[in-house]
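*Asks:* I'd like to ask you about the structure that follows.
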Amino acid sequence: MEDWFPNGDTKLNEVECKYIYLHVTSSVKDSRKALFSKRFPEDREFAEGEFSRLFQVMYYYSDNGLTVLEQNIIEFENLLTKNPKGHELLFHDFLKLHPCLLDVYGVVESEPQFTYPMNELSPTGKSRVEPDFIIRYPGHRYKLVELEKPGKQIETKQGHQTSLFTQAAWQLAEWEHYISNYPHLLQQKYPGISTHRSSMLVIGRRLEPAYMELLSINVRHGEICTYDDLLDRAKRALANLKALSVEL
């Protein structure tokens, strides 16, 4: 991978890769039996799709871009600290301005509108449903995102999910109902969404992984993510991108 850098035309979404070598040993660069060094990752293999995501995004994050991402992470952490019970609109507006915190690997769109055909309504009487965000990935894949308050209680003292959590999860079910019943209305703008989609509910603060897994069982095609999880993911992405920017 030495001296190679992806650009806007590079397509990596179908690449399968376990690990790479970043450098050829300088003394044998002209040899057919070149020796390699600087394996990445050093002590594990890439997770599924990780290589594609990392190297595709390198094009968009120059050194200055990494500085901006790092500053966004700091500001987001401060926002959560100062507004532990803030309204979800506060966090929606912040993530709309800094969408890389939702996912550095996808293209984020705020408040897409899924409108029902004339004279038809949702099962709850709505003329449209509206995710907070939709994230586009290579290969016509999508993730729909619902934001709730970071301070919203999602478990009772007995460990059961609260009605507030159930209401939030219902939003995801409404999107599923729309996409399943009206895929033709989305095909032009979001090709492939009928078969390649997932959803994510962002709610509350850090919980035990086992409890999060139990909650996720109740969310079809989706995952539960706390605001701390969002921060952790952004920090891991930043660390990976920094490591690669130093090596390449």
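Read-outs: derived from the displayed coordinates by stated rules, not from any lab. All figures in this text were calculated on a predicted structure; none of them were measured in a lab. Methodologically, a virtual Cβ is constructed for each residue, glycine included, from the backbone with ideal geometry; neighbour enumeration extends over all protein chains shown.
*Asks:* Using the beta-carbon distance between Gln188 and Lys242 and R0 = 22 Å, what value does 1/(1 + (r/R0)^6) give for FRET efficiency, to the nearest 0.05?
*Replies:* 0.05
*Asks:* Mind listing the long-range amide H neighbours of Met200? Cut-off is under 5 Å, sequence gap 5 or more, other chains count too, H placed in the peptide plane at 1.01 Å from N.
*Replies:* Result for Met200 returns Leu144, Val145, Glu146, Glu223.
*Asks:* Answer rounded, prolate or oblate for the range 64-137, using the Cα gyration tensor with square roots of eigenvalues a ≥ b ≥ c: rounded when a/c is under 1.5, else prolate when a/b is larger than b/c, else oblate.
*Replies:* Cα axes put the range 64-137 in the oblate bin.
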